[in-house]
Structure formats: C-alpha cells, structure tokens
Amino acid sequence: MEIIILPTAAEVGHVAARKIAQTITRKPTAVVGLATGSSPQAIYGELAGMVRSGTLDAHAVRGFALDEYVGIAEDHPQSYASVIRHDVVEPLGMNPDLVRVPDGRADDIEAACIAYDEAIRTAGGVDIQILGIGANGHIGFNEPTSSFASRTRIKTLAPRTRADNARFFDSPDDVPTHCVTQGLGTIMDARQLVLVAQGSNKADAIAAAVEGPVSSLCPGSILQFHPHATIVVDEAAASGLTLADYYKYTYDNKPVWQRF
Ligand code: F6R
C-alpha cells in the first residue's frame, strides 16, 4: 500500500489525476473504474483540463461505475448514470457507448448484476479503479460487514450513508434506501486501486482502512490485501494515521522511476 499525504485537497486531485492519466497514456483503451460522490470530483476536473489542453485523449477509454441507486429514474439528476455522464463522460470527451453504470432499475436486478460483472470481465478487467471512502469505511456502497468475497449486488444503504448523501437531495427522505454496488471481490480484481479522501470527517475511516485490522467492520481495510493500492489523502484526512511521518518520508524519497 502506498500512502501519499498532501497539504491540500486540490493537490490530492492533482496527484491522483496524474496517476490515472499515466495509465490512460500508456493504454488509450484502458478500463477505468469510476467513483461518484465529492471525493473524485477534483480528479475529474484535472483530467478534463488535460483533455482540453490536448495532453490527454480519453475518447477510447472504457469506464465502469462503482454503483447506482435503486429506486430513482435514470434521468434523475442524482442518479449515478446522470452524474457520470455530466461529471465524467462529457468533460473528458469519453464515448458514452464505452461507459457503463450498474442498472438499479432492472426488473431482474440479480441478473443485471451478474451481467455487469461479466461485462467487466469481457472488457479485460479494470486497469485502474478510482475509489472514495465513506465515513463508516465503505468503499463502493459496500457497507460495514459486507463480504470480502462479494460481487456486484443490491445492498441496503446504512443510515449514516443516507444522512451523509442527503446533501445531494432536496430532502433526507428522498435519499434511496437501496443501491447496486460492485462487490469488494469485484473491486479487488482491479489491477490498480487509487483511493482519495479529503477532510477530517474521513480521518477515522482512513486510519481504520490503512492501519487498523483487516475487518469487514471497515470494508476499506480490504485494500491492505491489494498488491497495487495507492491512498492519496490531505492532511486532515491523514490526521488519524500513526505512521504519517513515515509515509511522508517514503513519498519524499520515492525513486524517480517510480514517480507519476
Ligand atoms: C460512490 C462511492 C462511495 C463514495 C463514498 C464517499 O460511487 O462509491 O463509496 O466514494 O461514499 O463519498 P464522498 O466522496 O461524497 O464523501
């Protein structure tokens, strides 16, 4: 696990975007796993800037979103289908036909989830997965006690997650109770993981995920088992880390050939 602690939230977006851009530059048809929510917004903003300035071409990139709400229409402004189209596909000049979001509206959700995992496999697997983390340690919408072996499936959102996401909706009651999310097993199949977190409300989750015991009580702790996981956080999100000075020392002394 590589832990990168940066002074500001803007630098988190900048450095994480460089890592994603490096993958796309090496493989223009890369499969990128797409998170929603506030955490990756700076990454998408940086990548969009690179596309505008002509230093990045994302038109052949393939994308798979992590999750989707169940119970709201596809054209609802807060459906992740809408958010991915508006915040990622359009600004990055991606081909919408190459980007998929789990189907939270299917008549047979179980079959749709199996088909989603199959589509990721058929695409050759995710090359690089962008992740945020919930204040309760969830990744995707794998809430605490999710199985480490889980695949894409329907889940009940934890009350804390619904409260945290109420800011995106007109009223807290409008936040869906259910979602479809890639499983922890699905996420762990990605070749590289890049998790970003900003702000002190993520400090406990980051400390538990990075330095705590690997436990389904903190689903993000499964990243300790991934061979290529990079955690990029600002000082506030890093404030609960015991070995923060060591992570900074390691990053400052990173060999040039390993930098991105
Ligand atoms: C969203 C997702 C979630 C969020 C997490 C943090 O696709 O998978 O795990 O990353 O809830 O959300 P924000 O970034 O809004 O704090």
| said: Give me the residue from segment 59-74 that is in a loop (DSSP other than H, G, I, E, B) and closer than 11 Å to PRO96 by Cα and, out of that set, nearest to the ligand (Cβ to nearest atom). | reply: VAL61
| Within segment 75-85, restricting attention to residues that are open to solvent by 10 Å² or more (accessible area, probe 1.4 Å) and in a loop (DSSP other than H, G, I, E, B), which residue is farthest from the ligand (Cβ to nearest atom)? | ASP75
| task | Need at least 2 residues that are over 17 Å from ILE130 (Cβ atoms) per element, so show me which strands (runs of 3 or more DSSP E) inside segment 172-260 make the cut, counting only ones lying wholly within it. | result | 178-181
| said: Which condition from (1) part of a helix (DSSP H, G or I); (2) under 28 Å from HIS228 (Cα atoms) is the one that ARG160 breaks? | reply: (2)
| Is it fair to say TYR116 is out of contact with any His (no Cβ under 9 Å at 6 or more places or on another chain), of a type in the set (Phe, Trp, Tyr) and more than 12 Å from the ligand (Cβ to nearest atom)? | yes
| Looking only at segment 153-187, and only at residues there that are in contact (Cβ under 8 Å) with a residue 40 or more places away in the chain, touching a Lys or Arg at 6+ places or on another chain (Cβ under 6 Å) and farther than 16 Å from GLY37 by Cα, the one that is surrounded by the most Cβ atoms within 10 Å (Cβ to Cβ) | THR186
| query | Does segment 42-54 contain any residue that is closer than 24 Å to ASP117 by Cβ, touching a helix residue (DSSP H, G or I) at 6+ places or on another chain (Cβ under 8 Å) and modelled with pLDDT of 95 or more? | reply | no
| field | Lone unmet requirement of (1) in contact (Cβ under 8 Å) with a residue 60 or more places away in the chain; (2) within 16 Å of the ligand (Cβ to nearest atom); (3) not hydroxyl-bearing (Ser, Thr, Tyr) for GLU2 | value | (2)
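The values are calculated or read from the model by the stated rules, or taken from the named source; none is laboratory data. Quick caveat, the model's predicted, so the values are computed rather than measured. Note that we place each Cβ from the backbone using ideal geometry, even for glycine, and neighbour counts take in every protein chain shown. For the accessible areas, the whole protein counts, side chains as well, though only heavy atoms, and no ligand, DNA or RNA atoms are used. Shrake-Rupley method; radii C 1.70, N 1.55, O 1.52, S 1.80 Å.
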